[in-house]
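The values are calculated or read from the model by the stated rules, or taken from the named source; none is laboratory data. From a predicted model like this one, the values you see are computed outputs, not experimental measurements. Positions of Cβ are generated from backbone atoms using ideal geometry, with glycine treated the same way; all protein chains shown enter the neighbour counts.
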Amino acid sequence: MVRADALGIIASKASDGAFSDLAKLIKKSNGKANIQQKQEQNVELILLTNGLPMFAVNTETQCYREFIQSDIPCKQLSFNTISAKPNFDQTTWLYQTMNSGFGRSQVILSPALNHRTATEYGFFDYSLALAANLYTPLWQGSAVDLRYMVPIDNSDDFDQGGLWHQQAFENKLDRALLHQAFKLPQNIITQFSGGYMMGGYWGGINETQWYSPQGDHMLGFEASKFISKDEYDARERKIADKQSVLANYTYSLPEYNWQLGLQAGEYFQGDVGARVTSSHWLGDTKLSINYLTSKAKGSSEYEDFVAVSIAIPLTPWRDMKPNYAQVRGIDQFVYSLQTRVGESHNNLNSGLGASSDLQHNIVRQYENRGRLSPAYFKANTQRLRNAYIKYVKVTVE
């Protein structure tokens with residue numbers, strides 16, 4: 001859970017003395033001391049992601065201390081996303097210490113796997129690489145995103161001249177993007193991304209998402225256009241542009257750790273269709289099953305597929321201390337298997353249902369993989385306590 005230990009640290013360190021000192025600062029600043037000792041000591045914690053205020057937690061320190069010490073439910077604990085930005089923007093600082101994120105790069109290391117499983121050509125064919133992603137914040141909501149692929153190993157069918165050689169990973173820079181995100185009123189966030197992608201295309205993407213006040217409902221939109229840097233491929237075939245125009249909706253039931261996703265529109269290969277996804281969370285691991293129906297460009301018939309996938313974080317619970325360079329693992333590594341349904345054959349999917357699926361998209365970069373909502377935190381308050389206890393344990397050890 002994103003910085004769930006922070007609230008416990010604040011509550012454990014805040015005391016009558018701290019609030020008394022704060023009252024003196026306020027009185028010195030404006031001649032009025034509006035903090036009363038021995039009464040409620042309210043705090044608001046605002047989560048910033050890449051400088052954007054995304055989430056606010058309000059509580060009373062004594063109430064929250066009792067919660068983390070004795071597991072007594074704290075009734076004075078509330079969460080919201082709508083007021084995070086206006087409250088942060090309207091804050092009057094008596095004392096401010098901030099570490100600028102400018103230039104503080106993250107080096108994100110992860111495996112990359114392209115595979116063909118249980119086909120008529122073999123039980124398991126694969127191309128394995130190390131993905132080294134450099135993510136560098138610039139200013140509020142902006143970042144440079146570079147990824148270099150280093151091939152590690154592959155099966156024979158991914159060798160030169162092999163059946164899947166065209167899909168084998170190459171030793172090269174396959175992504176160079178500039179992202180700019182904006183937090184808008186009424187729980188709307190939008191991100192523009194442009195540059196070099198997929199190892200050979202130039203273009204741009206816009207993602208826009210709206211979340212209901214409690215986070216149960218999410219509506220989103222994606223529009224992209226990418227043009228190949230080469231006009232023809234190795235077989236002298238003209239390379240088509242890639243574009244997408246997609247709408248999506250997600251319904252979340254965090255008390256059951258379940259989400260239902262609906263997506264429809266034009267996908268990257270020019271096919272038109274829809275996808276339904278049911279996801280279940282086990283901690284930070286997500287298990288999903290989805291059904292895709294899509295009609296290829298120039299075709300009159302829809303093709304149907306069912307896929308199952310698992311998405312797991314490949315990074316320690318507590319990353320290394322942020323500095324000008326922070327090395328960490330990826331927030332989620334996805335392994336999936338897909339098969340055709342409703343057909344007498346099971347020919348491989350030729351790219352239907354593909355979208356931009358950026359690593360640093362809104363859902364993953366700013367919304368904690370779609371779980372940064374009041375409804376999720378209300379249903380998982382015990383994880384707040386557990387995160388602080390785990391933080392204390394790791395710190396002491």
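Worth a mention:
- Among the conditions (1) surrounded by fewer than 16 Cβ atoms within 10 Å (Cβ to Cβ); (2) under 23 Å from L48 (Cβ atoms); (3) in contact with a His (Cβ under 8 Å, 6 or more places away or on another chain); (4) not hydrophobic (A, V, I, L, M, F, W, C), H179 misses just one, which is (1).
The rows are residues; the columns are (1) outside the structural domain of Q359 (by TED's automatic domain parsing); (2) touching a Phe, Trp or Tyr at 6+ places or on another chain (Cβ under 9 Å).
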site: L48; (1), (2): yes, yes
site: A56; (1), (2): yes, yes
site: T61; (1), (2): yes, yes
site: I68; (1), (2): yes, yes
site: D71; (1), (2): yes, no
site: D89; (1), (2): yes, no
site: L109; (1), (2): no, no
site: T119; (1), (2): no, no
site: S127; (1), (2): no, yes
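- Once segment 214-235 is narrowed to residues that are in contact (Cβ under 8 Å) with a residue 24 or more places away in the chain and aromatic (F, W, Y), the residue that is farthest from L163 (Cα to Cα) is F221.
- Residue within segment 370-389 that is surrounded by fewer than 19 Cβ atoms within 10 Å (Cβ to Cβ), out of contact with any Gly (no Cβ under 6 Å at 6 or more places or on another chain) and part of a strand (DSSP E or B) present: no
- Of everything in segment 278-319 that is under 22 Å from A112 (Cβ atoms) and part of a loop (DSSP other than H, G, I, E, B), the residue that is nearest to the chain's Cα centre (by Cα) is D284.
- Lone unmet requirement of (1) assigned to a loop (DSSP other than H, G, I, E, B); (2) out of contact with any Lys or Arg (no Cβ under 7 Å at 6 or more places or on another chain); (3) on the phi < 0 side of the Ramachandran plot for G342: (3)
- Condition check for D331: under 23 Å from K183 (Cα atoms), assigned by TED's automatic domain parsing to the domain that holds Q140 and touching a Pro at 6+ places or on another chain (Cβ under 8 Å): yes
- Residue match in segment 261-274 (condition: in contact (Cβ under 8 Å) with a residue 60 or more places away in the chain, loosely packed, with under 14 Cβ neighbours inside 10 Å and of a type outside the set (A, V, I, L, M)): no
- Hey, T190 hydroxyl-bearing (S, T, Y), surrounded by 13 or more Cβ atoms within 10 Å (Cβ to Cβ) and out of contact with any strand residue (DSSP E or B) (no Cβ under 7 Å at 6 or more places or on another chain) or not: no
- Where a residue in segment 334-347 is farther than 25 Å from S279 by Cβ and its partner, wherever it lies, is modelled with pLDDT of 75 or more and assigned to a strand (DSSP E or B), with Cβ under 8 Å and at least six apart: E343/E303; E343/D304; N347/R340
- Remark: pairs (first residue in segment 353-368, among the acidic types (D, E); second residue part of a helix (DSSP H, G or I) and crowded, with 20+ Cβ neighbours inside 10 Å; Cβ separation under 6 Å; 6+ apart in sequence or on different chains) are absent.
- Each residue in segment 236-277 was checked for being part of a strand (DSSP E or B), closer than 30 Å to Q166 by Cα and of a type in the set (S, T, Y), and 2 pass.
- Helices (runs of 4 or more DSSP H) wholly inside segment 5-111 containing at least 1 residues that are modelled with pLDDT of 85 or more: 61-70, 84-89
- Candidates in segment 318-361 are the residues that are of a type in the set (A, V, I, L, M) and closer than 19 Å to S105 by Cα; of these, the one that is surrounded by the fewest Cβ atoms within 10 Å (Cβ to Cβ) is M320.
- The residues of segment 320-334 that are assigned to a strand (DSSP E or B) and of a type in the set (A, V, I, L, M), listed by number, are A325, V327, I330, V334.
- Close contacts from segment 185-200, counting a first residue that is under 17 Å from G141 (Cβ atoms) and a second that is modelled with pLDDT of 95 or more and acidic (D, E), with Cβ to Cβ under 6 Å and a gap of 6+ residues or different chains, come to Q191/E207.
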